[in-house]
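Data first, discussion second: the structure below is written as structure tokens.
What follows is calculated from the coordinates using simple rules that are stated; it is not laboratory data. Owing to the predicted nature of the structure, the values given are computational and were not obtained by experimental measurement. Heads up, the Cβs are rebuilt from the backbone with ideal geometry, glycines too, and the neighbour counts pull from every protein chain shown.
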Amino acid sequence: MVADADVVVHYAAESHNDNSLHDPRPFLDTNIIGTYTLIEAARNHNKRFHHISTDEVYGDLELDDPERFTEQTPYNPSSPYSSTKAGSDLLVRAWVRSFGLQATISNCSNNYGPYQHVEKFIPRQITNVIDGIRPKLYGKGENVRDWIHANDHSSAVLAIIAEGTIGETYLIGADGEKNNKEVVELILKHMGQSPDAYDHVVDRPGHDLRYAIDSTKLRNELGWEPQFSNFDAGIENTIAWYRNNEQWWRPQKAATEAKYKEQGQ
Ligand code: TDX
């Protein structure tokens with residue numbers, strides 16, 4: 001019940017690009033109407049609100065672009081997923097300005113760690129290897145993502161709720177840029193496989209090339225620092241978690257792979 005809450009933190013979203021390309025409608029319902037529903041509830045109950053969003057609202061960067069995304073980068077989303085997240089951010093901003101909603105926004109880079117759905121890149125490949133399936137790399141595997149451990153994302157959100165300035169946006173990232181091929185090779189290494197034991201599959205339509213976050217504002221204004229700066233160790237721990245928690249992910253695995261197979265991925 002919003003009436004009983006101290007703060008409303010809005011993590012609820014349809015979050016997977018591939019699903020948005022296959023069937024966009026749930027993304028409009030959840031990300032646009034869902035956000036509208038929550039900000040109205042927060043407004044009516046006069047509650048502090050924090051909106052969780054994504055770096056994908058800024059579009060993508062060239063591989064050699066010296067600039068990373070900042071809070072000033074213009075919005076330029078590519079997919080049904082990222083465009084509905086961009087729309088949800090703009091709704092929150094409008095509610096701050098028009099109705100005085102006590103809200104902050106954060107845009108984070110790619111998360112990894114325990115409890116991530118097996119449709120996402122890293123858990124998909126780990127659970128594929130556990131099942132004796134070769135990892136699947138979209139296109140050439142040159143796309144770059146800026147990885148952050150989910151616990152670091154959470155500590156940043158807590159810092160913004162505690163100390164953030166109302167109406168402000170904060171970018172969250174941990175300087176973790178890697179291309180997809182490097183990530184797959186690392187997973188294969190830690191799982192005792194040959195580094196080339198993966199398949200190239202059909203590329204994602206409109207596939208964003210590179211995301212990279214400049215989190216200077218969050219670090220300077222709120223004193224936040226990531227704790228999981230060693231990606232190699234983070235991947236090892238994540239592999240161990242998926243090995244030890246098969247009962248958590250197993251129920252989703254077959255249906256997820258069947259959907260990818262239909263799409264040639
Ligand atoms: O099997 C795969 N093979 C592959 O090469 C999958 C599932 C993905 N990929 C590629 C696509 C991307 O370049 O790996 C990269 C990461 O893919 P996803 O895990 O689908 O994440 P991405 O599309 O980058 O979006 C993620 O980061 C921003 C989250 O899913 C979003 O919710 C978040 O907003």
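In table form, for the structure just shown:
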| quantity | calculated |
| --- | --- |
| Proximal aspartates and glutamates relative to residue 85, as straight alpha-carbon distance under 14 Å, when same-chain residues fewer than 8 apart are discounted | 14, 29, 55, 56 |
| Footprinting exposure proxy for 93, 250, 145 (fewest neighbouring C-beta atoms within 10 Å first) | 250, 93, 145 |
| Candidate lysines for bridging to residue 181, where Cα separation is under 21 Å - those fewer than 8 sequence places away on the same chain excluded | 120, 136, 140, 189, 261 |
| Helix-only CD estimate at 222 nm, as mean residue ellipticity for the chain, using -39500 (n - 2.57) per DSSP H run (n ≥ 4) | -13000 deg cm²/dmol |
| Contour excess over end-to-end distance, with Cα ends at residue 75 and residue 97 and 0.36 nm allotted per residue | 6.1 nm |
| The range 118-186: radius of gyration and largest Cα-Cα distance (Dmax), Å | 15.9, 49 |
| Proximal aspartates and glutamates relative to residue 47, as straight alpha-carbon distance under 14 Å, when same-chain residues fewer than 8 apart are discounted | 4, 6 |
| The range 133-180-the range 1-72 distance, computed between alpha-carbon centres (Å) | 14 Å |
| Mean Cα-pair separation over length for the chain, i.e. relative contact order, pairs under 8 Å, 6 or more apart, % | 22 percent |
| Dipole axis of the range 90-222 (+1 Lys, Arg; -1 Asp, Glu on Cβ), positive-most option in 99, 172, 209 | 99 |
| The chain, dipole about Cα centre (Lys/Arg Cβ +1, Asp/Glu Cβ -1), debye to the nearest 20 | 660 debye |
| Distance histogram in 5 Å bins (all Cα pairs of the chain, percent per bin) | 1, 6, 12, 16, 18, 18, 13, 9, 5, 2, 0, 0 |
| Overall Cα dimensions of the range 25-120, principal axis frame, Å, largest first | 46, 33, 26 |
| Dipole magnitude (debye, nearest 20) for the range 93-180, charges at Cβ of Lys, Arg, Asp, Glu | 360 debye |
| Virtual spin-label span in nm between residue 263 and residue 227, 7 Å along Cα→Cβ | 3.4 nm |
| Extended-chain gain in nm, criterion 0.36 nm per residue less alpha-carbon gap, residue 131 and residue 165 | 7.6 nm |
| Options 5, 154, 129, ranked by Cα towards positive dipole end of the chain, top entry (Cβ charges) | 5 |
| Over the range 38-196: Rg over Rh, Cα atoms, Kirkwood Rh | 1.03 |
